[in-house]
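Novice: A single structure is presented below for examination.
The values are calculated or read from the model by the stated rules, or taken from the named source; none is laboratory data. As the structure is a prediction and not an experimental result, all values here were calculated from the model. Neighbour counts run over all protein chains shown; Cβ positions are idealised from the backbone, glycine included. Areas reflect the complete protein model, heavy atoms only, side chains present, ligands, DNA and RNA absent. Shrake-Rupley method; radii C 1.70, N 1.55, O 1.52, S 1.80 Å.
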Amino acid sequence: MVELIPIKSIKDIPFDENLFPGTPACAGCGGLLALRHCLKVLGKDIVIVNAAGCFTLLSIYPFTPFKNSWLYTAMACAPAGAQGIRDALDILIKKGKLDPKEDLKVVVLTGDGAAYDIGLASTSGAINRNLDFYYICYDNEAYGNTGFQWSGATPLASKTGTTQPGRLSPSGAEFFKKDLFEIWRSHKPPYLATISPSHPVDLHNKFKKAEQYKGPKLFINLSPCPPGWATEPSHSTILAKLAVDTGIWALKEAIYGDIKHTHIQKKFKSIEEYLKEQGRFTHLFKPQRQESVINKIQERVNKYWHSVQEYTK
Ligand code: SF4
């Protein structure tokens, strides 16, 4: 395996862009910010297999912001689409009809609705078959382009289109979000990571590292979503950083199941700083402060970090 030399600063990030500006995505979309960096590392010799979601609106004929090829699939079956493309490329190479130097990387791009819920079975099958592909999930913690309805990625107490705080459920969403990282990790894929648009150097190095492995390479990006999170579009990167600084979004990777945290802080900010910034959690503070719910969220974050070896050392 070639020794990887990680980049150290944003000055080392490639200047070339593989995602053109002027897309129909919302201003300040955290998913798009991260995707721009992902494509800088992946390059343009890729095929994106895009599960239905916000980002299928990026390419609407005859316009596209991508330099690469792109295929649209239903929410449930992007990894199956990726399998078809990988097989077709492999067959062409085997028959001598495609120079291996012109091979393309296959990249699934999905929102959390497909990743956490509707497409999970298809993803599990693809990981189990050791399909050689990248999988990028832009996780905005709800079904974004249909009205921000609850998904398996929605965090406890978030207001969504289907979890409006009211008399019966004053705190909004009633469950903690699914731990998709752990669901994937149980399959022991070669590479798995969480990323954030606020940490592009970390993101870049993770994609570079993943390049060394053949098989499933999975990335979950916490994606601030101004219309759904009720935040200022100009605050998306600040908010993504707050998620890391409060410890609610752990930056980590797992190689064949072995976890390493790539960003550890000595002292985390209070979770309240993150919640207060977002309109989807306003009901936790007004008209009455919901202390027990805020504590429950903080305790969950504390419990997580106390179980992390690198943190407790
Ligand atoms: S709804 Fe949210 S995730 Fe979808 S494009 Fe807009 S900001 Fe991005």
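Novice: List the aspartates and glutamates whose alpha-carbon lies under 14 Å from that of residue 97, not counting same-chain residues fewer than 8 positions away?
Specialist: Within reach: 87.
Novice: Related question: Using the crude model of +1 on Lys and Arg Cβ and -1 on Asp and Glu Cβ, and no other charge, please compute the dipole size for the range 130-243 relative to its Cα centre, in debye to 20.
Specialist: The calculation lands at about 220 debye.
Novice: About the Cα centre of the chain, how large is the charge dipole given +1 on each Lys and Arg Cβ and -1 on each Asp and Glu Cβ? Please answer in debye to the nearest 20.
Specialist: That gives the chain a dipole magnitude of about 360 debye.
Novice: Cβ neighbours within 10 Å, averaged per peptide: list 205-211, 22-28 in order, most packed at the top.
Specialist: 205-211, 22-28
Novice: How tilted is helix 200-210 with respect to the longest principal axis of the chain? Cα atoms for both, answer in degrees (0 to 90, nearest 10).
Specialist: 40
Novice: Apply the Karplus parameterisation 6.51 cos²θ - 1.76 cosθ + 1.60, with θ equal to phi minus 60°, to every residue of the range 139-151 and state each ³J(HN,Hα) to the nearest whole Hz, in sequence, with x for glycine and proline.
Specialist: 9, 9, 6, 4, 7, x, 8, 10, x, 6, 7, 4, 10
Novice: Might you report the magnitude of the Cβ-based charge dipole of the range 1-76 about its Cα centre, with Lys and Arg at +1 and Asp and Glu at -1, to the nearest 20 debye?
Specialist: Approximately 120 debye in magnitude.
Novice: Something else about it: Using the heavy atoms of the protein chains and a 1.4 angstrom probe, tell me the accessible area per residue for the range 249-313 in square angstrom.
Specialist: 62
Novice: Expressed as an acute angle from 0 to 90° and rounded to the nearest 10, what is the orientation of the C-alpha long axis of helix 78-94 relative to the principal long axis of the chain?
Specialist: Relative to the chain, helix 78-94 is tipped by roughly 20 degrees.
Novice: I'd like the distance separating the alpha-carbon centroids of the range 80-109 and the range 160-207, in whole Å.
Specialist: 30
Novice: Once the Cα atoms of helix 236-245 and of the chain are each reduced to a long axis, what angle between those two axes, in degrees from 0 to 90 to the nearest 10, is obtained?
Specialist: Relative to the chain, helix 236-245 is tipped by roughly 80 degrees.
Novice: State the dimensionless ratio Rg/Rh of the range 1-75 (Rg: radius of gyration of Cα atoms; Rh: Kirkwood radius).
Specialist: That ratio equals 1.01.
Novice: Please report the carbon-and-sulfur percent of the accessible area for the range 13-312; probe 1.4 Å, protein heavy atoms only, DNA, RNA and ligands left out.
Specialist: 57
Novice: Find which of 165, 181, 223 sits farthest along the positive direction of the dipole of the range 13-312, computed with +1 on the beta-carbon of Lys and Arg, -1 on that of Asp and Glu, about the Cα centre.
Specialist: Farthest along the dipole direction, towards plus: 181.
Novice: Also: What's log10 of I(q)/I(0) for the range 160-262 at q = 0.10, 0.23 Å⁻¹, Debye sum over Cα points only, no solvent?
Specialist: -0.36, -1.20
Novice: On to the next question. Going by average Cβ density within 10 Å per residue, which order do the peptides 279-292, 46-59, 115-128 take, highest to lowest?
Specialist: 46-59, 115-128, 279-292
Novice: Continuing with the same structure: I need the phi-derived Karplus couplings for the range 249-262: 6.51 cos²θ - 1.76 cosθ + 1.60, θ = phi - 60°, integer Hz, Gly and Pro marked x.
Specialist: Calculated HN-Hα couplings, in order: 10, 7, 8, 8, 9, 9, 10, 6, x, 8, 8, 9, 8, 9 Hz.
Novice: Then there is this: When the helix-only estimate is applied to the chain (DSSP H runs of n ≥ 4, each -39,500 (n - 2.57), divided by the residue count), what is the mean residue ellipticity at 222 nm, nearest 500 deg cm²/dmol?
Specialist: One gets -9000 deg cm²/dmol as the mean residue ellipticity at 222 nm.
Novice: How many Å² of accessible area per residue for the range 29-120, probe 1.4 Å?
Specialist: It amounts to 44 Å² per residue over the range 29-120.
Novice: Now, a different point. Excluding residue 142 itself, calculate the net charge of residues whose Cβ lies under 9 Å from the Cβ of residue 142, where each Lys or Arg counts +1 and each Asp or Glu counts -1.
Specialist: Within the 9 Å Cβ shell, the charges total -1.
Novice: Using the structure shown, list the pairs from 8/214; 269/296; 8/267 with a Cα-Cα distance above 21 Å, or answer none.
Specialist: Violating the 21 Å limit, Cα to Cα: 8/214; 8/267.
Novice: Let me ask another. Roughly how large, in nm² to one decimal, is the mean projection of the convex hull of the alpha-carbon atoms in the chain?
Specialist: With every direction weighted equally, the projected area is 16.7 nm².
Novice: For the range 21-75, what does the relative contact order come out to in percent, with C-alpha contacts under 8 Å and a separation of six or more?
Specialist: 42
Novice: Can you spot the lysines whose alpha carbon is less than 18 Å from residue 217's alpha carbon? Ignore those fewer than 8 places along the same chain.
Specialist: Partners within reach: 40, 44, 105, 188, 206, 208, 209, 252, 260.
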